[in-house]
Every structure is written in C-alpha cells, then in structure tokens.
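Notes follow once the structure below has been shown.
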Amino acid sequence: MRFLREQQNLNQVERWKLERHPLDVHEAIIDRYAREGPDAIASVPGEMERLKWVGLYPQRQGGDAFMMRIKVPGGRLDAAQARVIGEIATEHARGPTPNPLFGQGFLDLTTRQDIQLHWVKIGAVPEIWRRLEEVGVVTIQACGDSARNVLCCPVSGLDAGEVVEAYPVARAISGFFTGNREYANLPRKFKMSVTGCLEDCAQAEINDVGLWPARLDDGTVGFNALVGGGLSDGPRMGSDVDVFVHPGQAVEFTRAVAQVFGELGDRENRWTCRLRYLVQELGPERFREELQQRAAFQLTPAGDPLTRRYRGDHVGVHPQKQEGLHYVGLSVTVGRMRGEHLVEAGRLAAEYGSGELRLATDQNLILTGVPAGRLDDLLAEPLLAEHSPRPGPFERGVVACTGSEFCRFAIVETKVRATRWARWLDRNVAPDGNGHGDEIIRMHLSGCSASCAQPQIADIGLRGEVAHTDDAVVEAVDVGLGGSLGGDAAFIDWVEGAKPADEAPAGLLALVERWRAERRPGERFHQWCRRVPNTELRSTLATRSAEGSRSEAVAPRSTRGEGE
C-alpha cells in the first residue's frame with residue numbers, strides 16, 4: 001500500500017512496521033520466543049509492539065505475563081469453541097494471587113465481542129493457538145494497526161425486525177481482512193460494525209465504518225454507511241458519506257475505506273492518526289470522492305435510514321422469529337466470568353438450544369434456539385443464578401474496561417469497583433411504584449481516557465482520575481451523564497471532574513432517586529439528564545456516602561496490576 005500523505009515524519013511504530021511486517025511475529029513466537037521467553041522478545045526492536053498483531057499485549061506487571069485477545073467475528077461461538085476457550089482460561093489465566101472478587105482462571109467478554117485472557121505465559125502461546133485453531137478460532141489481528149473484530153447485532157438471524165441479515169456480511173468482511181498482509185499495516189486500529197436490525201445493536205455511529213439498515217426507493221434493502229466514528233480523547237459520531245451498500249458490496253466497500261485510510265491517513269502523530277481525524281480533515285464529500293476513486297463499483301447515494309432506537313441490551317428471555325424458539329440473554333457482570341462457567345454455558349447451549357452462544361457489545365452472553373418447553377429447565381440451571389437473565393437495572397447495564405489490575409494506561413481499578421457499585425445501587429434503589437423499578441441504567445466505567453468501556457454513550461459515564469483530598473491522593477472518577485446512540489444519539493456531558501471514588505455511589509444514588517421523582521411520562525434517565533441543567537446535576541452528585549453503607553460499595557486498593 002502506498003503512503004500518499006505528503007511531508008510525513010513517520011513515527012517510531014511506523015518505522016518498526018516497515019522494518020519487518022508485524023504478522024511475521026507469529027512464526028517468531030513459535031520458533032523462538034516460546035522457548036527463550038520474554039527477554040528474547042525485548043531484544044528485538046519493536047517486537048513488543050508487533051505482538052499486538054497476534055492478539056498479545058504485555059500486562060502491567062511486566063515479565064512473563066501477557067493478555068491474549070481472542071477474535072470472535074460477529075460474536076458467535078459454538079459449544080465446542082466455548083468449551084475450549086473456557087478450559088484454556090481455567091488452565092492458563094492464573095496469576096500469583098487470586099483476584100479478591102473473581103478468583104483465578106477467569107476471562108473477560110469485551111465491548112467488541114472478543115474474549116480476553118490474562119496471565120498468559122509466552123511459552124504457552126503456541127499450544128493455546130493450536131487448541132484454538134482446532135475449533136476454528138484465532139487471535140490474529142485482534143489488536144494492532146489493522147482491522148479489529150467486526151461487530152454484528154448479536155441476534156442477527158433471530159430478530160423478527162431485522163431487515164437484512166447482517167452476520168454473513170460481518171463474517172465475510174472479517175474473512176477478507178484477517179491475515180491479509182496488504183491491509184495489516186494501517187495508520188492505526190480500524191474498527192467496523194454491521195447490523196441489519198432496527199435498534200443499532202452494533203453501534204454504527206462509534207465505529208470507523210458502520211453499516212446500518214436502509215432502503216432504496218425501489219424497496220431494495222441494504223446498508224447506509226457511516227465513517228469516522230470513535231471515542232477515546234476525541235469522540236466523534238460517524239459521518240454520513242451518502243453511500244448505500246448492497247450486502248454483496250460490503251467487503252469491497254470496507255476494503256476501499258481501508259485503502260483510503262492506509263494511503264492518506266496520518267502516520268506521524270499516533271494521537272491523531274485514527275480514521276475519524278482523516279474524515280474530519282477531508283470532510284464527508286471529499287472522503288466520498290477519494291472512496292469512489294478506489295472502489296470497484298459505482299457508489300449509490302444513501303437510502304432511507306431504518307434505525308429506530310438504540311437497544312444496547314439483549315438480557316432476558318425473548319422470542320425468536322423461528323416459531324416456538326427463544327434466545328436467553330445472560331448478564332455477565334462487567335463481562336468477567338470464570339473459565340468453567342463458559343464451559344458450562346457451552347454445555348447448556350448444546351443441551352437446551354441450538355448449540356450456539358453469542359457475545360454482545362454490552363459484555364453479556366446469549367444462548368439461542370431454546371424451545372419454549374425447555375425454558376423452565378434452563379432457567380433453573382445453577383449457572384443462571386450466577387449469570388442471571390433477570391438482574392437488577394444497574395448490574396444489567398454495568399460495563400467496565402480491564403482497569404489498572406492489568407492495563408498499563410488505566411488510572412483506577414475498574415472491574416471489582418464497578419461490580420460492587422452496581423450491586424450496591426441495585427440493593428439501594430427501590431422500585432418507583434410506576435413499573436419502572438427494573439428499567440436498565442447503563443453505567444460504564446473506564447480506567448482512563450482511552451474509553452474502552454465506552455463511557456461517552458452511557459447513561460452514566462465514569463472515567464478514571466486522581467483526586468487530591470486534605471490528606472492523600474486518592475482514586476477518583478470524572479462523571480458524565482446523558483449519553484446514548486440511535487435516534488437521539490449524543491455523547492455525555494462531563495458534569496463533574498475527579499470525584500473521589502469512595503463518594504461516587506451515594507451521589508449516583510441521589511441522582512437516580514431524583515430522576516425517579518421528577519421524570520416525565522416515558523422519560524428515560526439519559527433524557528432527564530439532558531433536560532436538567534448541569535449545575536443542578538452536579539449539586540445532586542455532591543451527596544456524600546452515608547455512614548455504614550459506604551464500605552459496601554468501595555473497591556479494595558490491592559487489585560492494581562497490569563494491562564493492555
């Protein structure tokens with residue numbers, strides 16, 4: 001791929017990628033690093049960076065401790081794949097001391113429908129790869145400056161309202177990019193999503209490329225395209241580039257976008273080299289022109305958009321379009337579950353349903369194809385007491401990134417803290433008497449500004465910070481309110497900065513109680529937050545933890561570790 005942007009001083013990562021193709025690290029791990037260990041990796045300039053192209057990151061702890069990200073295109077696993085991944089987690093995701101809440105041998109479901117393992121030793125990687133590949137799973141390009149896992153509506157093919165089946169499209173796009181050396185050296189990560197449902201389940205607006213349903217005047221259904229969405233320090237909703245994509249054109253369309261990005265993208269400044277900055281620089285019209293020069297088909301103007309709302313959740317028991325069958329969404333709090341629980345979920349999928357599991361973008365898990373006559377037996381299984389289809393509104397909506405337990409960039413611990421806060425809030429928020437006691441409230445906690453937990457699109461977005469109190473420097477959170485996608489898409493407003501973490505739960509409880517008291521008919525939490533002035537929201541957040549309840553919701557200080 002040609003670099004057409006003029007007068008660039010390539011950054012260090014770009015120079016490393018030119019010295020040796022990042023995908024070459026795969027064979028180096030098998031042939032050398034698995035035998036010689038982490039010191040051998042460190043002896044090769046740029047090699048730690050190249051590890052990302054095979055789904056590996058060094059953890060915060062350093063040494064022989066790595067995070068492994070497993071790519072699950074469209075979030076679909078079969079029972080055999082779930083069993084193997086769960087067994088690998090049980091055997092290999094084991095640190096020197098247990099996590100105070102989750103123990104050992106756990107895995108994380110991510111907001112990109114991936115699975116992450118921690119504490120993996122480099123010597124174990126070839127054998128882990130072998131076991132994964134035997135069941136059709138890879139880690140290639142789960143990370144790095146290339147196409148990441150392709151998102152899809154997790155109930156594609158099951159939802160009666162889906163206007164075009166998205167999963168085959170997502171799978172084809174993933175198949176084109178995975179292992180494709182020509183498109184494995186982009187200026188930065190490249191995130192894509194596809195959905196044919198009406199509820200924005202694949203979060204089209206915050207991906208580099210988002211395909212969501214549309215209809216032409218002649219009745220043809222396909223996708224309108226958004227480009228240049230994303231979060232992190234420069235959040236941006238994707239731009240409509242006035243293109244309708246037929247399902248059969250989706251691979252070529254995304255390839256052409258990747259070519260524009262690869263040729264014209266910024267390879268100098270790592271902080272401003274995402275596609276969204278290029279789209280902003282060129283503007284949607286110029287970007288479309290560049291796209292047309294590279295696409296192998298004539299671009300069709302966009303059709304009528306069909307998205308109705310942002311659902312963001314599939315927890316619970318729901319009918320499928322296939323008569324007599326249901327899917328059951330399980331709440332996996334902050335996406336973290338024990339390896340043996342994923343093995344058991346695979347067993348339940350095979351025994352009660354279609355043998356398929358689906359990962360959702362809210363870090364939850366779905367079992368599909370369950371006959372109505374078997375629902376009661378499935379719901380009585382012990383695993384569903386641990387990962388319930390009927391959680392409280394906060395535990396149902398909580399999302400958390402890896403946090404300082406493992407991530408090198410995170411400022412605060414996230415997984416334990418978010419779990420405890422959600423459970424504390426569920427215990428302390430009473431139903432409002434109007435049938436709204438179980439309405440989901442999406443609370444997302446990110447350990448730093450990288451926004452891996454997507455706080456900007458949450459009802460309550462939390463971002464790790466530090467605060468200076470009278471006698472100490474303590475972990476804290478910035479608090480934002482009122483985010484959503486879909487028909488009323490908007491990012492949160494950050495209404496308070498560096499609130500000491502120990503004080504946050506009581507302030508959030510006060511906010512929810514005020515919303516319950518003041519809400520208009522049908523008004524959701526994020527809508528209320530947009531209506532109320534930020535000064536008033538900030539004043540309500542200032543409520544301090546009541547003595548006696550404070551310790552229940554406070555995460556321990558001892559979970560700091562290493563990360564992605």
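The values are calculated or read from the model by the stated rules, or taken from the named source; none is laboratory data. This is a predicted model, so every value here is computed, not measured. As a convention, Cβ positions derive from the backbone with ideal geometry for all residues, glycine included, and neighbour counts pool all protein chains shown. These accessible areas exclude ligands, DNA and RNA; they are computed on the full protein's heavy atoms, side chains included. Shrake-Rupley method; radii C 1.70, N 1.55, O 1.52, S 1.80 Å.
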>> Quick check on my filter: what residues within segment 349-387 are touching a residue at least 40 places away in the same chain (Cβ under 8 Å), closer than 23 Å to residue 415 by Cα and open to solvent by 30 Å² or more (accessible area, probe 1.4 Å)?
In response: 386
> Filtering segment 320-334 down to residues that are out of contact with any Lys or Arg (no Cβ under 8 Å at 6 or more places or on another chain) and among the small types (Gly, Ala, Ser), which residue is surrounded by the most Cβ atoms within 10 Å (Cβ to Cβ)?
Replying inline: 329
>> Return the residues of segment 163-192 that are open to solvent by less than 30 Å² (accessible area, probe 1.4 Å) and in a loop (DSSP other than H, G, I, E, B); say none if nothing qualifies.
In response: 164, 166, 184, 185, 186, 187
> Which of the residues belonging to segment 435-487 are more than 20 Å from residue 512 (Cβ to Cβ) and of a type in the set (Asp, Glu)?
Replying inline: 465, 470, 471, 475
> Do we have any residue at all in segment 23-32 that's in contact with a Lys or Arg (Cβ under 9 Å, 6 or more places away or on another chain), under 30 Å from residue 414 (Cβ atoms) and either part of a helix (DSSP H, G or I) or open to solvent by 30 Å² or more (accessible area, probe 1.4 Å) (or both)?
Replying inline: yes
>> Considering only segment 54-68, I want to know if a residue exists there that is in a helix (DSSP H, G or I), under 26 Å from residue 146 (Cα atoms) and either of a type in the set (Phe, Trp, Tyr) or open to solvent by 10 Å² or more (accessible area, probe 1.4 Å) (or both).
In response: no
> Hey, among 480, 461, which residue is more than 28 Å from residue 99 (Cα to Cα) and open to solvent by less than 10 Å² (accessible area, probe 1.4 Å)?
Replying inline: 480
> Of the numbered conditions (1) closer than 20 Å to residue 453 by Cα; (2) open to solvent by 10 Å² or more (accessible area, probe 1.4 Å), residue 390 satisfies every one except a single condition; which is it?
Replying inline: (1)
>> Suppose we keep only residues that are modelled with pLDDT of 95 or more and of a type in the set (D, E, K, R) within segment 483-501. Which one would you say is surrounded by the most Cβ atoms within 10 Å (Cβ to Cβ)?
In response: 499
> What about residue 1, is it open to solvent by 10 Å² or more (accessible area, probe 1.4 Å) and assigned to a helix (DSSP H, G or I)?
Replying inline: no
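In segment 193-222, what residues are farther than 23 Å from residue 362 by Cα and either assigned to a strand (DSSP E or B) or free of Cβ contacts under 8 Å to residues at least 60 places away in the same chain (or both)?
Across segment 193-222, the qualifying residues are 214, 215, 218, 219, 221, 222.
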> Within the set of pairs 6+ apart or on separate chains, which have a first residue in segment 51-72 that is closer than 17 Å to residue 26 by Cβ, a second that is among the small types (Gly, Ala, Ser) and in a loop (DSSP other than H, G, I, E, B), and C-beta atoms under 6 Å apart?
Replying inline: 52/144; 53/144; 55/142; 68/55; 69/55; 69/142; 71/142
> Restricting to segment 174-221, what's the tally of residues that are over 18 Å from residue 238 (Cα atoms) and hydroxyl-bearing (Ser, Thr, Tyr)?
Replying inline: 4
> Only one residue in 243, 257 is open to solvent by less than 20 Å² (accessible area, probe 1.4 Å) and under 30 Å from residue 401 (Cα atoms), so which one is that?
Replying inline: 257
> Within segment 273-319, how many residues are of a type outside the set (A, V, I, L, M), crowded, with 17+ Cβ neighbours inside 10 Å and either out of contact with any strand residue (DSSP E or B) (no Cβ under 6 Å at 6 or more places or on another chain) or under 18 Å from residue 260 (Cα atoms) (or both)?
Replying inline: 11
> Any residue at all in segment 126-139 that is closer than 19 Å to residue 27 by Cα, touching a residue at least 12 places away in the same chain (Cβ under 8 Å), open to solvent by less than 10 Å² (accessible area, probe 1.4 Å) and under 20 Å from the mean Cα position of the chain (by Cα)?
Replying inline: yes
> Which condition does residue 346 not pass, out of (1) open to solvent by less than 10 Å² (accessible area, probe 1.4 Å); (2) modelled with pLDDT under 95, if it passes all the others?
Replying inline: (2)
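Test residue 123 against the stated conditions and say whether it is closer than 30 Å to residue 95 by Cα and open to solvent by 20 Å² or more (accessible area, probe 1.4 Å).
yes
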> Looking at segment 253-294, which of its residues are aliphatic (A, V, I, L, M) and within 14 Å of residue 241 (Cα to Cα)?
Replying inline: 256, 257, 260, 275, 278, 279, 282, 291
>> Anything in segment 518-555 that is at pLDDT below 95 and assigned to a helix (DSSP H, G or I)? List them, or say none.
In response: 550, 551, 552, 553
> Restricting attention to segment 193-237, which residues are open to solvent by 30 Å² or more (accessible area, probe 1.4 Å), of a type in the set (A, V, I, L, M) and within 19 Å of the chain's Cα centre (by Cα)?
Replying inline: 237
>> Anything in segment 468-477 that is open to solvent by 10 Å² or more (accessible area, probe 1.4 Å) and assigned to a strand (DSSP E or B)? List them, or say none.
In response: 468, 473, 474, 475
> Only one of 289, 323 is in a helix (DSSP H, G or I), free of Cβ contacts under 8 Å to residues at least 60 places away in the same chain and more than 27 Å from the chain's Cα centre (by Cα); which?
Replying inline: 289
>> Please go through segment 70-94 and give me each residue that is open to solvent by 30 Å² or more (accessible area, probe 1.4 Å) and either assigned to a strand (DSSP E or B) or charged (D, E, K, R) (or both), ordered by number.
In response: 76, 78, 83, 87, 91, 94
>> One residue is enough: does segment 195-205 have a residue meeting the conditions touching a Ser or Thr at 6+ places or on another chain (Cβ under 9 Å) and within 16 Å of residue 291 (Cβ to Cβ)?
In response: no
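Within segment 244-286, which residues are assigned to a helix (DSSP H, G or I), charged (D, E, K, R) and more than 24 Å from residue 164 (Cβ to Cβ)?
Once the filter is applied, which keeps residues that are assigned to a helix (DSSP H, G or I), charged (D, E, K, R) and more than 24 Å from residue 164 (Cβ to Cβ), segment 244-286 yields 263, 270, 276, 281, 285, 286.
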